[in-house]
Each structure stands twice: as C-alpha cells, then as structure tokens.
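The values are calculated or read from the model by the stated rules, or taken from the named source; none is laboratory data. Please read all numbers here as calculations on a predicted model, not as lab measurements. So basically every Cβ, Gly included, is an ideal-geometry build from the backbone, and we count neighbours across all protein chains shown.
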Amino acid sequence: MSTFSVFKRACSLGQSKLVGLSPGSSRKLHLLSSIPRLAASSLEDSSHQAHTDAIATALRGPGVAIVDLKFPDASSEYLRRLVLNLGNYHNHGPPITHSATRGWFWDVRPKKTAGPQARSESSLNFPWHTDCSYESDPPQFFALHVLHADRRGGGTLSALNVSRALKKLKPATFETLSRPEFRIKVPPEFAKGVDNITGCLVGKGEEGSGVRIRYRADIIEPLSSGASDALAEVHELLASSRDTDARDVQVDLSPQVLPDNAIVLMDNGRWLHARNEVRDPERHLRRVRWGRRKFEAGD
C-alpha cells in the first residue's frame, strides 16, 4: 500500500475517532476531522521520502498533522529523524535548541525546580500562545510526542486556527497588530542573552499560507494607546474562543485524540495552542521545534 493510500485511510481513521468525544458543535468536529492522520509502522518510515512528503503536504496545507507510531519509541528517535529529513527533502530548516542549556528535545512534564520554570513544566493551564513568540525569528514548526497521556481527565491540548480567528478582528486592529508597536519579554527560562524584542504580532506567512501570529499574553507590552486597544481586542477574541459561536476556529486534542505514542506536528505561526490543567503527575510529552523564519510584517 502506498504512503498516500495510508494517508487517506489515516484521515478516515481520524474521523472515526470523533465518536464519543466531548460535546461540541458540528463545525468544531469538522475542524478536527480535517486534520490529516497518518500511521508510521516502523522507525524506517521516518527516512522514507514518500512518508515525509505526506507530512510536509499536511503542514503546507492545513498546517497540522497527527502521526500514530505503531512501535515503541521511548527515545523519540522517529521524531528526530523525521525532522532532519523534513529539512533534507523539504527545506524546513534544522531543529532549534530550546535555551542556552537545553538541546533539541524538551521534556514537557510537571516538575518542581529551584530556578526559573517554564509554564509548560507546571501543572497549571497554559492559555493561547505560540512557541518562541519572544524571538525575532521564531520556529515555523513544532511537534509533541506523547509518551504518557494524562489519564485523569486533564492535559488537553487545544489548537486555534489563526486565519479563521483573525477574520473576526476589526480591519484597523489587524493593521495595528502588523506594526512594530509591541515589546515582547523573554522568559528567564528561555534566556539566550536578550531580554526583550520589539516588533509586530501579525506577520506574513509563507507563500500561499496566509498570515502568521506570535502571541503570549503575559509577556507582551503594547507601546502605544492604539497597540493597547488592538491587544485588548485580541485578548477578548481569544477569551471567547471556547464559546459555541467560535468553535469553528478551535479544536481540542484530548488524550483520546492524542493517546500514548501519538505525535502532533503544527505550524507554529498558523495555529495558536493552549493546554488545560494537568491532572496526571505522570503526563509526559517531548517537544521539538524547527525551521526558523524571520517574523516580518505583511504588506
């Protein structure tokens, strides 16, 4: 069976898994069913060009994909090889170190630490954000490998489609977000020698992919009254994203959708993501980011 046949069957499998999920509108279910879902039968799939082509097509299209590993992979070797081959075959760019002291992979699990702690390493909910929003050239992509899903009803990853959401903003707000009127602080746990950057929050995407956003509410400071008003409108929009009328822009990837040994890959500028409270102290995901892109204002 060809990789693209597997791709089609996996999409159908993703749709069948909608049965029994938490209540939501049909529009939200449609958004979930539109996410391509593939299967990797062995570690060698990560090096097969047809397999990486299918994943690259998904990231270039909807901007998100799920891969179900059909073999044990506690070291995330499949993901390591896949990211490198997406660079080799599709010019995605290399993986990115997480901080001055961390390498490519970051283990996302609740833990106590004496020094600065990343929000993802706590059990607290983590509102809508993009990864590395505090960098002038944030990664275009990230992936999460589920090593131990939350078994106590928490730890649900949610994703919000940026293009659909931004259409709900006033044109003047969109224009303001595209200007460099925002200071973005670097969290201490991700320090690389820079305290903050100044720039826009909405930028141009890759060719044919619409717009990009960078956003994390707790580290953004508006530098003008207009920027303050625009940011407030964004905050309000995202706060209402779980209302019924907004379910066409966001989807919940619960542990039933992302079980152990599933991998979700996402375009970091075209989808915001969030997480609710972690209830299982054993919850464990592994993250990698790759493909730096200069964040530039749109035309």
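Could you list, in sequence order, all residues of the range 137-156 that are at positive phi and either modelled with pLDDT of 95 or more or surrounded by 18 or more Cβ atoms within 10 Å (Cβ to Cβ) (or both)?
Matches in the range 137-156: GLY155 only.
Tell me, yes or no, whether the range 169-189 has at least one residue that is within 22 Å of GLN250 (Cβ to Cβ) and small (Gly, Ala, Ser). First the steps, then the outcome.
If we filter the range 169-189 for residues that are within 22 Å of GLN250 (Cβ to Cβ), which is where we start, we get 169-170, 173-174, 177.
Pick out the ones that are also small (Gly, Ala, Ser) and you get none.
Taking every residue of the range 169-189 in turn, none turns out to be within 22 Å of GLN250 (Cβ to Cβ) and small (Gly, Ala, Ser).
Checking the conditions here, which among ALA159, ALA165 is crowded, with 17+ Cβ neighbours inside 10 Å, at pLDDT 90 or above and part of a helix (DSSP H, G or I)?
None of the others qualify; the one that does is ALA165.
Among the residues of the range 84-99, is any modelled with pLDDT under 70 and either small (Gly, Ala, Ser) or closer than 27 Å to ARG216 by Cα (or both)?
yes
Which of the following residues is touching a Ser or Thr at 6+ places or on another chain (Cβ under 8 Å), in a helix (DSSP H, G or I) and either farther than 19 Å from LEU253 by Cβ or of a type in the set (Gly, Ala, Ser) (or both): THR57, THR52?
Numbers: THR57 fails: touching a Ser or Thr at 6+ places or on another chain (Cβ under 8 Å).
Selected residue: THR52, the only one of THR57, THR52 that is touching a Ser or Thr at 6+ places or on another chain (Cβ under 8 Å), in a helix (DSSP H, G or I) and either farther than 19 Å from LEU253 by Cβ or of a type in the set (Gly, Ala, Ser) (or both).
Give me a count of the residues in the range 168-179 that are of a type outside the set (A, V, I, L, M) and either loosely packed, with under 14 Cβ neighbours inside 10 Å or not in a loop (DSSP other than H, G, I, E, B) (or both).
Here the count works out to 6.
Considering only the range 237-277, how many residues are at pLDDT 95 or above, more than 12 Å from the chain's Cα centre (by Cα) and acidic (Asp, Glu)?
Of the residues in that region, 1 qualify.
Determine whether VAL288 is out of contact with any Phe, Trp or Tyr (no Cβ under 6 Å at 6 or more places or on another chain) and surrounded by 23 or more Cβ atoms within 10 Å (Cβ to Cβ).
Taking the combined requirement at face value, the residue does not satisfy it.
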